[in-house]
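The values are calculated or read from the model by the stated rules, or taken from the named source; none is laboratory data. These numbers were taken from a predicted model, which means no experiment stands behind them. Cβ coordinates were reconstructed from backbone atoms using ideal geometry, including for glycine residues, and neighbour counts include every protein chain displayed. Just so you know, the surface numbers come from the protein's heavy atoms only, side chains and all, with ligands and any DNA or RNA stripped out. Shrake-Rupley method; radii C 1.70, N 1.55, O 1.52, S 1.80 Å.
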Amino acid sequence: QVVRHALPILEEGTARQYTAFVDGISARISSIKVAGETTPSGTWAPYSPFGIMSTAIGDALPAYQQQLSFEDVVGIWKAMAMINEHLPHHRTDTTAHLLQALGTVNIQNLLTADSVSVLAESFVKLRVYHAPILKRLSTWMTSWLRMRQSMEGRYGVIMTDEEAEVLHAFADKLSLLGYMASDISDVCASGLECDTLSVPSKVKLMHVLATFGHFPRQFLVASRAMARRAAELQQMDHDHQRMLFQMHLCGALQGPPQLKAELEREELREVLHESEATYSW
């Protein structure tokens, strides 16, 4: 009943009330069950109050977008991605309103890298590909990394395992969207030259480069180093073993001849045979 009465007047409140409503709905979305208003697949019926909720939220957004901060807009994107999982369809004009709101705020006000990852994940869930915004996000991510290194007095090629994890998580979302960010590739390539990175972190950076189809000199050097650290590779968990297999497969199929020869080294083949059944197949 709350949703039924709120949707018609959604444009008549304040920006705070609007964001609070959207956040409240997304927080309770998975537990809402309304008799007679869901389809056999579990989604809401198209013209029920919940079925038109995504459209109503998108239509009301222009009335508030000048009053919203970047964090507010990111929160709305996240909420809409969660709501969309329970809808039978998603209207393109709703996405247009979301993109318009994102274009009117200052992305430089972003405080943490978490918001960038949340936004990229929302793009994936809503199946939105917008190259100019993805370019801005990748540029901001690389700027954030360099700023963090400068503030901590780390000069030269120095990257932490935490930063490698953030880069990999973000780049994974970009690859799912089919967007290949050259600046992210360059940062990952330079990170492979960092001697303080753990083997799993280097596997993540190489996985990003392989996913983007980018095989620079650093990738070849790191592949040679991996072959000499077979014991550490075998001790990685299943997720990292999977990344290693995918990285090896991409390099063997798409890499330059010198890299293909390097990836056929006996030491690396033995690791893959023991850890990944698919490789043996």
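For segment 185-224: of the residues being closer than 16 Å to ALA252 by Cβ and polar (S, T, N, Q), which is modelled with the highest pLDDT?
Filtering segment 185-224 for residues that are closer than 16 Å to ALA252 by Cβ and polar (S, T, N, Q), the one modelled with the highest pLDDT comes out as THR211.
Would you confirm whether or not segment 33-50 contains a residue that is open to solvent by 60 Å² or more (accessible area, probe 1.4 Å), modelled with pLDDT under 75 and in a helix (DSSP H, G or I)?
Checked against the condition, which is being open to solvent by 60 Å² or more (accessible area, probe 1.4 Å), modelled with pLDDT under 75 and in a helix (DSSP H, G or I), segment 33-50 yields no hits at all.
Here is a check on your reading of the model: is ASP195 among the acidic types (Asp, Glu) and part of a helix (DSSP H, G or I)?
No.
Residue check: is VAL128 at pLDDT 80 or above and assigned to a loop (DSSP other than H, G, I, E, B)?
Yes; evaluated as a whole, the condition is true for this residue.
For segment 226-244, give me each residue that is open to solvent by less than 30 Å² (accessible area, probe 1.4 Å) and closer than 22 Å to GLY213 by Cα.
MET226, ALA227, HIS240, GLN241, MET243, LEU244
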